[in-house]
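What follows is a set of notes on a single structure, which appears directly below.
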Amino acid sequence: QSFAEVDNNANGSLDRAELHLAVMLFFDKLNAKVKKRAIPPTKAELMALFDEVDTDKSGELSLEEFVVYMERLCALYRTGLTVSLLKSFIAVPFTAIALSVGIKKVAPGLHQKIKEAKGLGSATLSFCASQIVNKVPAFAAVP
């Protein structure tokens, strides 16, 4: 559907500008359906993938090349999403727990103050944990 929408000259292939528009439309539709905002790749990344997929080196993508392009783009996005989910649901919570245990051992008074702060204390630990996790190279580039 995106292919036909952006094939402005109806020649059955997409040039770089038409492809860029197709990808932006795809991400716009995706973001309308999911809660976590998907950030599209940069134009340079899109064009690098264009060069890989343009097998006949025509400077345009046929419908078949476009399908391959979108499959690769979706595979790259899924990988980033998987890392983001791992970060959000595993790395940050476990880092927060480790941080809490460490504070309890090293600074019991501070640990008690954090417990007394109820939700604010947990939020502070989670924030600190996310800052730590974001410094880990495997997670640093993932929003």
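The values are calculated or read from the model by the stated rules, or taken from the named source; none is laboratory data. Remember, it's a predicted structure, so these values are computed and weren't measured experimentally. Cβ placement follows ideal geometry from the backbone for every residue including glycine, while neighbour counts extend to all protein chains displayed. SASA here: full protein model, heavy atoms, side chains in, ligands and nucleic acids out. Shrake-Rupley method; radii C 1.70, N 1.55, O 1.52, S 1.80 Å.
Listed values, structure above:
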| quantity | calculated |
| --- | --- |
| Residue that is modelled with the highest pLDDT [pool: residues in segment 69-83 that are open to solvent by less than 80 Å² (accessible area, probe 1.4 Å) and under 24 Å from H20 (Cβ atoms)] | Y69 |
| The listed residue being surrounded by 12 or more Cβ atoms within 10 Å (Cβ to Cβ), at pLDDT below 85 and out of contact with any Lys or Arg (no Cβ under 9 Å at 6 or more places or on another chain), out of F89, F94 | F94 |
| Residue, modelled with the highest pLDDT, within segment 106-122, restricted to residues that are open to solvent by 100 Å² or more (accessible area, probe 1.4 Å) and under 32 Å from the mean Cα position of the chain (by Cα) | L120 |
| Residue in segment 129-137 that is at pLDDT below 80 and open to solvent by 80 Å² or more (accessible area, probe 1.4 Å) present | yes |
| Tally, over segment 107-121, of residues that are in a helix (DSSP H, G or I) and touching a helix residue (DSSP H, G or I) at 6+ places or on another chain (Cβ under 8 Å) | 6 |
